[in-house]
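*Asks:* The structure is given below, and queries will be raised subsequently.
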Amino acid sequence: MNGFAILLQIILRSLETGGIYALASLGIIIIFRTSRISHFAQGAMGMFNTYVAAVLVDRMGLPLGIGVIVAVCLAVFIGFLVDFLVIRRAKNAIPVTKQILTLGLVTIFVGLAPMVCGVDPLSLPKFIPTGNISVAGASLSYNGLLNILIGIIIMLVLFYTLLKTKLGIAIRTTASNEPVARLMGVPTRNVTLFAWAVAAVLGCLAGIMQAPSTSVTTGVLDTVQINALIACVLGGFQTFYGPVIGSYIIALSSNLLNYYVSSVWGNQLVYLCILIFVVFRPQGIVGKKVVKKV
């Protein structure tokens, strides 16, 4: 394989990995923009739903499609439940308290997963088990291509919803200024309820896409969660698309540095570069500097 083919292989692999990071980061940013909460439990909630899908498929022998549908429906229900029972009750709490609540949700779901699904690692098969496509000497599995397309399609649907529908206008209005949105008649409670459900589904899909490359354990989405949070910081919390850009940048730069520089220190170098970047531009790549008048 020549140098160009290797580079193209890395880019294709980064598109798949970046898509998984992007789905998780979109869940985080949707919650942040609508509920003003840093959603540290995105990975834990996605892990729990992925575990449920793995139990249905790996232990009970159900088809993968049915396992995914059940897991997505459960994710919607859990998203509703978290918003209704936890987040709304803490609406008037200070921001730090809300962050601690999401950390508490992490411990709850990490504890529930082995209690409900067992402690043994499980596995999820690929949607397309075999087959590869060749592009200019680079190879990409059919399942990898499917993951890339799923990520892109879901993001396009979400951005279309945000930009072109009444629901999207309600979400953007709530994200801009919730008290004003409420005065204008926007049902902000329904918006946040929808946001938590969407975030849970995105986390679930990220876990299901990630699971075939590893075993399903309580840590299946740890790396995804960390990189999704960093992508939000890198892209900027002021827009919905900034974290998506950050996700693909992290995936591509990590793979490039791991291959061309060091397989041991590649990820650490990426985080160091992001840290230096954020020091000089704390608002992120597409974020805007907020100036408060006193």
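The values are calculated or read from the model by the stated rules, or taken from the named source; none is laboratory data. What you see is a predicted model; the values in this text were computed from it and never measured. For neighbour counting, all protein chains shown are included, and Cβ atoms are generated from backbone atoms with ideal geometry for every residue, glycine included.
*Asks:* Within region 20-51, can you find the residues that are surrounded by fewer than 24 Cβ atoms within 10 Å (Cβ to Cβ) and either among the hydrophobic types (A, V, I, L, M, F, W, C) or modelled with pLDDT of 95 or more (or both)? Can you show your working first?
*Replies:* We begin by selecting, within region 20-51, every residue surrounded by fewer than 24 Cβ atoms within 10 Å (Cβ to Cβ); these are 32-33, 36-38, 40.
Passing the criteria: Phe32, Ile37, Phe40.
*Asks:* So Leu205 clears everything in (1) touching a Ser or Thr at 6+ places or on another chain (Cβ under 6 Å); (2) closer than 30 Å to Arg59 by Cα; (3) not small (Gly, Ala, Ser) except one condition, right? Which one?
*Replies:* Against the list (1) touching a Ser or Thr at 6+ places or on another chain (Cβ under 6 Å); (2) closer than 30 Å to Arg59 by Cα; (3) not small (Gly, Ala, Ser), Leu205 comes up short only on (1).
*Asks:* Would you check if Ile6 is out of contact with any Lys or Arg (no Cβ under 6 Å at 6 or more places or on another chain), surrounded by fewer than 21 Cβ atoms within 10 Å (Cβ to Cβ) and either hydrophobic (A, V, I, L, M, F, W, C) or not in a loop (DSSP other than H, G, I, E, B) (or both)? Step through it out loud before you land on a result.
*Replies:* Numbers: out of contact with any Lys or Arg (no Cβ under 6 Å at 6 or more places or on another chain): yes; surrounded by fewer than 21 Cβ atoms within 10 Å (Cβ to Cβ): yes; either hydrophobic (A, V, I, L, M, F, W, C) or not in a loop (DSSP other than H, G, I, E, B) (or both): yes.
Yes, satisfied.
*Asks:* Here's another thing I want to ask about it. Tell me whether region 119-141 contains one or more residues that are in a helix (DSSP H, G or I), of a type in the set (Gly, Ala, Ser) and farther than 22 Å from Arg36 by Cα.
*Replies:* Taking region 119-141 as the starting set, the residues that turn out to be in a helix (DSSP H, G or I) are none.
No, there is no match, as no residue in region 119-141 is in a helix (DSSP H, G or I), of a type in the set (Gly, Ala, Ser) and farther than 22 Å from Arg36 by Cα.
*Asks:* Considering Ile100, Ile150, which residue is of a type in the set (A, V, I, L, M) and crowded, with 18+ Cβ neighbours inside 10 Å?
*Replies:* On the way: Ile100 fails: crowded, with 18+ Cβ neighbours inside 10 Å.
So the residue among Ile100, Ile150 that is of a type in the set (A, V, I, L, M) and crowded, with 18+ Cβ neighbours inside 10 Å is Ile150.
*Asks:* If you don't mind, there's one more thing I want to ask. Look through Asp83, Asp58 and report the one residue that is buried (at least 17 other Cβ atoms within 10 Å of the Cβ), part of a helix (DSSP H, G or I), more than 22 Å from the chain's Cα centre (by Cα) and in contact (Cβ under 8 Å) with a residue 60 or more places away in the chain.
*Replies:* Numbers: Asp83 fails: more than 22 Å from the chain's Cα centre (by Cα).
Just one listed residue meets the conditions, Asp58.
*Asks:* With respect to Thr174, determine if the residue is over 15 Å from Tyr241 (Cβ atoms) and among the hydroxyl-bearing types (Ser, Thr, Tyr).
*Replies:* Yes.
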